[in-house]
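Taking it in order: structure first as structure tokens, then the write-up.
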């Protein structure tokens with residue numbers, strides 16, 4: 001029995017919590033006066049109060065702590081005699097003392113200092129009736145004073161938990177109230193619906209639109225039809241079997257090598273090259289692309305770039321690219337594809353999961369060697385060969401932005417459908433791994449997008465890239481801007497108002513506002529937030545992200561006004577053509593889907609029919625135990641009362657006569673003697689040695705029978721005398 005789930009244990013916890021709250025309130029009442037205590041609480045929570053007081057929190061270093069009990073009691077008595085020391089609710093662990101008491105009736109300003117983590121801040125509380133409003137550019141931004149919690153139980157990478165713990169996050173289970181949920185796979189819709197307004201998850205709903213190969217190809221082909229000059233960022237792609245005819249027509253007019261991939265595969269599984277598309281079945285579900293036969297080579301090896309991209313918001317769209325990443329090399333030197341080397345995956349594929357199995361995989365800690373290198377090493381190589389690195393990365397950023405914009409309408413719709421109430425911070429963020437291939441003209445092409453890139457740290461280069469990436473990501477997301485306790489109080493209050501509302505009234509929703517506004521009177525109902533306040537929430541998040549970039553760089557929205565206006569035209573894609581517009585390919589796809597659905601239904605019906613037949617057969621064979629017992633008793637009684645039939649004496653005499661005549665004929669013809677003599681002759685003259693060996697082994701283990709001794713008495717006598725008969729013939 002689990003005691004933690006019992007009613008007795010829960011009741012004990014409630015009584016313990018009640019006693020702690022009562023002791024805390026008694027201490028507060030015995031400590032500072034009410035105006036002073038309220039001033040302390042407001043100062044620590046960074047809220048405004050009407051009756052203010054000047055406070056000072058001296059930071060006590062470990063070297064100045066008093067260790068003896070007498071000194072501790074003396075210090076406590078001095079504090080009680082002087083001004084009555086106390087500890088506020090928000091300032092646990094920080095000692096403070098009142099410098100000046102202010103009468104609640106006096107309208108005077110109160111100023112003081114707060115020293116936290118060896119940094120002193122000046123606190124100024126205005127007089128009664130004045131409530132200043134902070135601007136976005138203030139240095140002191142609103143942050144939650146509670147410790148953030150993260151759940152990594154759905155992730156197989158232990159590095160994420162260790163880095164989160166080093167950053168001050170508390171590791172909790174999924175059943176607890178976490179601030180961040182880190183998962184390796186796409187969560188279900190129920191999880192999105194049940195998320196609180198202060199919670200964040202590392203996946204956007206609908207991001208599969210660019211993370212599956214078939215959906216990515218569909219979105220990029222659709223954008224290529226709308227913007228033929230802007231979306232030449234990927235190899236020519238067909239989705240089979242829907243585009244089988246178009247691919248065959250292209251193959252007849254162009255002699256090219258094609259690379260075929262599964263529509264939802266990963267880690268290089270199921271990829272192969274071919275020059276003849278006729279070898280492909282008409283109903284196979286594959287992604288067919290033209291092979292880039294002249295890629296950029298370093299030391300004669302083909303490579304691609306793993307660019308880590310962080311998306312913190314989809315409405316508005318905000319994209320950050322990490323300045324450090326990985327370059328993954330093939331392990332065999334590159335030669336243009338031919339029918340002879342088309343099966344050499346170590347030459348044509350750059351996936352780490354494929355090349356790590358090759359014996360020529362190079363593990364090197366130096367930046368200029370190895371089968372896996374950092375992007376900084378690639379940039380140094382480009383500079384040494386007089387390439388424009390800034391222009392190259394500008395083109396890579398352009399490819400990433402256009403890839404995300406191809407699925408932006410779906411991302412925006414799914415986010416607002418799943419999170420209609422997230423008004424304080426963004427509910428999602430996501431790290432994507434873009435695989436970029438570069439040709440000999442230094443033009444980048446998008447190959448695929450990974451929604452859950454690998455964070456294994458098997459090599460030194462992985463540790464140097466992925467650990468700072470996780471650390472900067474957790475620092476960049478705006479989790480600390482959401483006050484968990486305040487949001488939960490507001491949600492409980494809103495639920496209570498909705499339950500207690502009368503007919504004709506609408507529930508009032510009070511959102512978390514940053515910076516805080518002047519509280520309303522006790523008898524006045526709370527008012528809904530203004531649009532300026534909602535813009536202030538978004539502005540605070542943007543200010544937090546841009547002040548905690550780390551090694552990230554912002555690419556969307558771009559800082560250049562011309563680039564920003566250039567990307568604006570891609571947002572209006574839904575006005576020109578519907579995402580779900582019918583085309584020849586879509587109709588073909590629907591027909592194939594209908595045929596597959598009918599096949600699946602027929603197969604399911606056959607399986608159900610077979611199961612029903614098996615059940616009926618079982619019912620016929622397996623009868624109840626009572627019936628089987630009755631049949632067994634009945635058969636036993638029939639056997640017990642059995643009587644033999646009539647036996648004729650004449651037939652019996654005839655049978656005996658024939659039997660006697662048979663035995664006489666066998667003796668006269670000497671059939672048995674001839675057979676036995678022939679067998680003995682064969683055994684003696686053909687297998688004597690083998691027979692002697694078997695006889696001696698049986699004699700050693702004591703397995704000779706009386707028949708063996710009587711048939712072969714000489715051998716038995718020789719063995720008793722100690723002679724070796726194995727070599728005799």
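The values are calculated or read from the model by the stated rules, or taken from the named source; none is laboratory data. Here the structure is a predicted model, which means the values were calculated and not measured. Here Cβ is always computed from backbone atoms with ideal geometry, including for glycine, and neighbour counts include all displayed protein chains.
Determine, yes or no, whether residue 173 is at pLDDT below 95, surrounded by fewer than 21 Cβ atoms within 10 Å (Cβ to Cβ) and not assigned by TED's automatic domain parsing to the domain that holds residue 434. Walk me through how you get there before you give the answer.
Details: at pLDDT below 95: yes; surrounded by fewer than 21 Cβ atoms within 10 Å (Cβ to Cβ): yes; not assigned by TED's automatic domain parsing to the domain that holds residue 434: yes.
Criteria met by residue 173.
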From the options 432, 411, residue that is within 30 Å of residue 486 (Cβ to Cβ), touching a strand residue (DSSP E or B) at 6+ places or on another chain (Cβ under 6 Å) and modelled with pLDDT of 90 or more: 411
Return only the number of the condition from (1) under 21 Å from residue 271 (Cα atoms); (2) touching a residue at least 12 places away in the same chain (Cβ under 8 Å); (3) not in a helix (DSSP H, G or I) that residue 347 does not satisfy. (3)
Within segment 226-243, count every residue that is touching a residue at least 60 places away in the same chain (Cβ under 8 Å) and either closer than 18 Å to residue 398 by Cα or out of contact with any strand residue (DSSP E or B) (no Cβ under 9 Å at 6 or more places or on another chain) (or both). 8
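What helices (runs of 4 or more DSSP H) completely inside segment 359-465 contain at least 3 residues that are free of Cβ contacts under 8 Å to residues at least 40 places away in the same chain and closer than 21 Å to residue 300 by Cβ? Give the steps one after another, and end with the answer.
Values: elements: 375-384, 389-405, 408-418.
Hits in segment 359-465: 375-384.
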Looking only at strands (runs of 3 or more DSSP E) that fall completely inside segment 215-305, which ones have 1 or more residues that are surrounded by fewer than 19 Cβ atoms within 10 Å (Cβ to Cβ)? 258-262, 272-274, 286-290
Is segment 133-148 home to any residue that is more than 30 Å from residue 402 (Cα to Cα), in contact with a strand residue (DSSP E or B) (Cβ under 8 Å, 6 or more places away or on another chain), modelled with pLDDT of 90 or more and in a loop (DSSP other than H, G, I, E, B)? no
Against the condition at pLDDT below 95 and in contact with a strand residue (DSSP E or B) (Cβ under 6 Å, 6 or more places away or on another chain), how does residue 317 come out, does it pass? yes
For a quick check of your reading: which helices (runs of 4 or more DSSP H) sit entirely within segment 607-694 and have at least 2 residues that are within 60 Å of the chain's Cα centre (by Cα) and modelled with pLDDT of 70 or more? 625-640
